[in-house]
1. Tell me whether the stretch 84-94 contains one or more residues that are closer than 20 Å to residue 368 by Cα and surrounded by 15 or more Cβ atoms within 10 Å (Cβ to Cβ).
2. Restricting the search to the stretch 140-174, which residues are within 19 Å of residue 302 (Cα to Cα) and open to solvent by less than 50 Å² (accessible area, probe 1.4 Å)?
3. Here is a list: 361, 271. Which entry is touching a Cys at 6+ places or on another chain (Cβ under 9 Å), surrounded by 22 or more Cβ atoms within 10 Å (Cβ to Cβ), modelled with pLDDT of 95 or more and not hydroxyl-bearing (Ser, Thr, Tyr)?
4. If residue 367 satisfies all but one of (1) over 15 Å from the mean Cα position of the chain (by Cα); (2) within 29 Å of residue 218 (Cα to Cα), what's the number of the condition it fails?
5. Output the qualifying pairs, or none if there are none: Cβ atoms under 7 angstrom, residues six or more apart or on different chains, first residue in the stretch 36-60 and more than 19 Å from residue 19 (Cβ to Cβ), second residue of a type in the set (Ser, Thr, Tyr) and open to solvent by less than 60 Å² (accessible area, probe 1.4 Å).
6. From the residues in the stretch 192-206 that are under 16 Å from the mean Cα position of the chain (by Cα) and not polar (S, T, N, Q), which one is farthest from residue 224 (Cα to Cα)?
7. With the condition kept exactly as written, say whether any residue in the stretch 125-139 is over 23 Å from residue 38 (Cβ atoms), at pLDDT 95 or above and open to solvent by 30 Å² or more (accessible area, probe 1.4 Å).
8. Is it the case, given these coordinates, that residue 82 is at pLDDT below 95 and among the hydrophobic types (A, V, I, L, M, F, W, C)?
Amino acid sequence: MQSSKTSPRFIISGGGTGGHIYPAIALADEIKMRLPKSEVLFVGAKGKMEMEKVPKAGYQIKGLWISGLDRGNLSSNLNFPLKLAKSLWEATGIIKEFKPDAAIGTGGFASGPVLWAAAQKKLPVLIQEQNSLPGITNKLLKNKAFAICTAYPDMDKYFDSEKLHLTGNPIRSEIFLNLPDAKTAKSNFQLNPEKPVILNIGGSLGAKSLNDAWIYGLESILAEDVQIIWQTGKLQYDNIKANPVTHHPNVHVTEFIYNMKDAFAAADVIVSRAGAMAISELTLVGKPCILVPFPFAAEDHQTVNAQQLAMRNAAIMIKDSQAGDELVKETLSLLKNEELSKQLSSNIQAMAKPDATSHIVDVLFQKLNLEV
């Protein structure tokens, strides 16, 4: 790429959860790949996971004293106005010192003060919204942004349609495309390559409702001669691994899956939470999925995400409260229903946006008159 301005500066803010952090890092990587001499500075919330994850990805980060509103404990919000005022003052200082050419927000506590301060300095602001139900921060900042890049259609009920770009979510798409041979992948998990496989993804800490459903329904799964790659998460791994029924050759129990490409390739049906980034990955994988939204996510946005797929016949949604009764039954039924499996696979794959990261950076660079 040729540009008359080879070393612009970008400030990126997003954090609190991996769903905000990893898209931000993906965007930074794309910017640095195109403009190696550019400078990228992250701003996060002190004490949150971005303060660890971003430096590990090779980027500098500054922390603000900011946190979200605690809806469950109103008294804990008494110092929020003070935190917000201090964070706005700190963000303004960071903007003044770093002198960015543009600011990017991927959601989370810190992005509010940073994007507001950038807008006050008349800098171009780009918002990347991962979910089908926007977070509070992005809704408050919508008038400050020149562009809002989304993963779902029909977002004009929340944002100005003239600013919207349906880009998808920025992820490392190469991990989820061109999966290896399914039989080889099953063998890599010490499973029978000729038998069907359920893949359970519960996040790094695990999903208790999913784990409990598999524990109580495992005998039914084994009776059907079905196999399971069971990612338990950290909290319940020891107890699940100690259960004798999980020692069956059809069961592969693991706290964390390091080789997701093999896991996706081995799966005939995938069971997952409905976080925005998880769904973006699943659209690229293109396997039949059952989504069990985490009911305590902010504003219950995982349920809205899952509903978006369910109404397009791109996934089956089961409520968290119904997982114990329905998950195993629905999963086994889906494994036997070849026609429905093909429909779900085709429809979820049609929603994939493998070039999302590149598309978002295109929007940004066009605003800055950087050739792309």
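1. no
2. Hits for the stretch 140-174 are 149, 150, 151, 152, 153, 155, 168, 169, 170, 171.
3. 271
4. Against the list (1) over 15 Å from the mean Cα position of the chain (by Cα); (2) within 29 Å of residue 218 (Cα to Cα), residue 367 comes up short only on (2).
5. Listed by first residue and then by second, the contacts come to 40/59.
6. Top of the filtered list is 205.
7. no
8. In short, yes.
The values are calculated or read from the model by the stated rules, or taken from the named source; none is laboratory data. Keep in mind that this is a model prediction, so the values were computed, not measured. So basically every Cβ, Gly included, is an ideal-geometry build from the backbone, and we count neighbours across all protein chains shown. The area values use the complete protein model at the heavy-atom level, side chains included, leaving out ligands, DNA and RNA. Shrake-Rupley method; radii C 1.70, N 1.55, O 1.52, S 1.80 Å.
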